[in-house]
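A short worksheet on the structure shown next.
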Amino acid sequence: MSLTESSLLAALTSVQDPHTGKDFVSTRAVRNVQISGGDVAFDVELGYPAQSLVPELRRAFIAAAKTVAGVDNVSVNISTKIQSHSVQRGVQLLPGVKNIIAVASGKGGVGKSTTSANLALALAAEGARVGVLDADIYGPSQTMMLGVSGKPESSDGKTMEPKINHGVQVMSIGLLVDNDQAMIWRGPMAVQALEQMLRQTNWKDLDYLIIDLPPGTGDIQLTLSQRVPMTGAVVVTTPQDIALLDAKKGIQMFEKVGVPILGVVENMAMHVCSNCGHVEHIFGNGGGARMAADYHIDFLGSLPLSMQIREQADSGTPTVVASPDSEAAQIYKKLARDVAVKVAQKAKDFSAKFPTITVSQNT
Ligand SMILES: Nc1ncnc2c1ncn2[C@@H]1O[C@H](COP(=O)(O)OP(=O)(O)OP(=O)(O)O)[C@@H](O)[C@H]1O
Ligand SMILES: [Mg+2]
Ligand SMILES: [Zn+2]
């Protein structure tokens, strides 16, 4: 094969996106091909943050390009462009926030907050701009897990500045009111407080805002999933059967209000012994995957029950930041890329591009 744009593109189809299983030419991610003598240059634009894949992808593209006769030098520019995707019908996007991802669970204590914090930090580590809204009025824990404290600053007395730590913007109900006060709020009051907290925070140019929802599927959760513009939801579960039953209720709630489920995460799936490293499936094996299959939703992965995950989350530096090269951090990063790919595959939101038409009647 001689060196032409089409022979080069044909060769590049051998490089597959590990997250979509498709090649980058057919998805039109490869652009701006330039050929000058034996020098070739092209751009690859990903729709999701994937910093940790870039070196490997670059090597694969260079090797693929060099299979074409006549190619001497290859220059590949890999970048990410994250777009806004559509939300529930009739709900408007939030300024400064491209995509909201809710993290939910059917019941408490399954590791929803730990997963939210690590997911947010993993998206940030992969190159995205990320925020976390801790909406769990019953047990806000993002102040502790993401290591932020103190009352949020306000320059106008109406809006609030998020706290920033580990490169992530954070707002938590735990920063605003004390625990005992929020616990006694009834549904409508809690929803109003949470909506205000969401809308009055000056989120700065976020690709993703992760919302740590209160556990369960009551009125508060249902109302929030109707009103907050969500691109999708991640459901966290543990392998015990009862938790799985509860997780099913969570899935049904989002289906009812038209928020797509991005997938299920199984937390504390197996125990890894800190002494010898052997793995035990204390609660049985594969429950999360079976549930996902039953409901035709995606299984995003399993996290082990690990002392390291608990200690690091509970001390303000979750695993993705504390031990970025650990196996658990790799699982969280893969989870983050999978979630971002699922978001990128949703229809784009064009609401900002269309003018609002108002019909007025002159009498
Ligand atoms: N994979 C894990 N291995 C070990 N400990 C974990 C793991 N995930 C979470 N934990 C620990 O379990 C406890 C509960 O987790 P977390 O607070 O994330 O759950 P939650 O679902 O948000 O709970 P709540 O309903 O109280 O908000 C925490 O102390 C956390 O550090
Ligand atoms: Mg929690
Ligand atoms: Zn052991």
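A short reminder: the numbers here are calculations on the coordinates, not readings from a lab. If you're wondering where the values come from, they're calculated on a predicted model, not measured in any experiment. So basically every Cβ, Gly included, is an ideal-geometry build from the backbone, and we count neighbours across all protein chains shown.
Note on S326 and S6: their simple-model spin labels are 5.3 nm apart, each label 7 Å out from Cα toward Cβ. Taking the alpha-carbon centroid of each part, what is the distance from region 244-264 to region 131-163 in angstrom? Rounded to whole Å, the Cα centres lie 26 Å apart.
With only Cα atoms counted, the chain has Rg and Dmax values of 22.3, 83 Å.
When we measure straight from the Cα of K151, which lysines land under 30 angstrom away, once same-chain ones fewer than 8 places off are left out? Qualifying lysines at Cα under 30 Å: K98, K107, K112, K163, K204. Between 0 and 90 degrees, the angle of helix 241-257 with respect to the longest Cα principal axis of the chain falls at about 80 degrees.
In terms of Cα atoms, the Rg and Dmax of region 65-154 work out to 19.7, 65 Å.
Between the beta carbons of R227 and D205, assuming R0 = 25 Å, the FRET efficiency works out to 0.65 to the nearest 0.05.
So for region 23-141: antiparallel DSSP bridges make up what percent, rounded to the nearest 5?
Values: 5 of 13 bridges.
So the antiparallel bridges amount to about 40 percent of the total.
Evaluated at q = 0.20 Å⁻¹, the base-10 log of the normalised Debye intensity for region 208-339, with identical point scatterers placed on the Cα atoms, takes the values -1.27. Going 7 Å from the Cα of I164 toward and past its Cβ, which residues in region 316-339 have a backbone nitrogen under 18 Å from where you end up? Correct set: none at all. Loop sites here are trypsin sites (Lys or Arg not before Pro) outside DSSP states H, G, I, E and B with no more than 16 other Cβ atoms within 10 Å. The longest part of the chain free of them is 205-352. Considering helices alone, the calculated mean residue ellipticity of the chain at 222 nm is -10000 deg cm²/dmol, with DSSP H runs of length four and up weighted by -39500 (n - 2.57) and normalised per residue. Per residue, the average separation of C-alpha pairs within less than 8 Å and at least 6 apart gives region 5-80 a relative contact order of 33 percent.
Counting neighbouring beta carbons within 10 Å and listing from fewest to most, the residues S75, S26 come out as S26, S75.
Calculate the length of the line joining the C-alpha centroid of region 17-87 to that of region 282-351, in whole Å. A separation of 26 Å, based on Cα centres.
Of the residues G286, Q226, A328, the one whose Cα sits farthest towards the positive end of the charge dipole of the chain is Q226 (charges of +1 on Lys and Arg Cβ, -1 on Asp and Glu Cβ, taken about the Cα centre).
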